Amino acid sequence: MRILGIDPGLARVGYGVIDTGGGRQALLDCGILRTEPGRSEGERMVEIARDLRVLIRTWRPELAVVEKFFYYRSSTTIAVVQARGVLMMTLARFQVPVVEFPPMQIKQALTGHGHAQKDEVLEAVMRELDLDTPPRPDDAADALAAALTGWFQR
């Protein structure tokens, strides 16, 4: 099964693509979808949708796992939620099934406890995908953690 993990954001959307064939997980691709900071929010949403369409067409995921947004007070909260909506709409247009997990559930699935530190989650991602070097940036590693959680929870 090919799984696309997504860590939503406005300036940077982390993504990670894994393949779970043959009884093991393998990294196919990871990185970020970056939007131009000088553009309007609407233009940035269009960029996110366009770049996600390219990822979907390239990798043809059978499942998408999106990190669930939890509320906190920040000047970017509304923009991130709007970007997440664009991601969900784009996945739906391509009929990619979506599951969502909050950060604590992702940490629990990978490390055994929901209050794990970032470095613990990163170590688990590296172990599960048999990586010698950590995936960068952090947004991509978070997206891979989401994808792995989707596989573990299938």
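Overview of results
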quantity	calculated
Criterion (of a type outside the set (Val, Ile, Thr), over 13 Å from the mean Cα position of the chain (by Cα) and farther than 14 Å from Trp151 by Cβ) met by exactly one of Arg57, Arg2	Arg57
Top-ranked residue in the stretch 37-60 [being within 19 Å of Ala143 (Cα to Cα) and acidic (Asp, Glu); ranked as surrounded by the most Cβ atoms within 10 Å (Cβ to Cβ)]	Glu47
Selection within the stretch 22-70 - part of a strand (DSSP E or B), in contact (Cβ under 8 Å) with a residue 60 or more places away in the chain and out of contact with any Asp or Glu (no Cβ under 7 Å at 6 or more places or on another chain)	Leu27, Cys30, Gly31, Leu63, Ala64, Val65
Residues that are loosely packed, with under 15 Cβ neighbours inside 10 Å, acidic (Asp, Glu) and touching a strand residue (DSSP E or B) at 6+ places or on another chain (Cβ under 9 Å), drawn from the stretch 72-131	Asp130
Residues (in a loop (DSSP other than H, G, I, E, B) and of a type outside the set (S, T, N, Q)) located in the stretch 73-116	Arg73, Phe94, Val96, Pro97, Pro102, Gly112, His113, Gly114, His115, Ala116
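Read-outs: derived from the displayed coordinates by stated rules, not from any lab. Just so we're clear, the structure is a prediction, and the values are computed from it rather than from any experiment. Note that we place each Cβ from the backbone using ideal geometry, even for glycine, and neighbour counts take in every protein chain shown.
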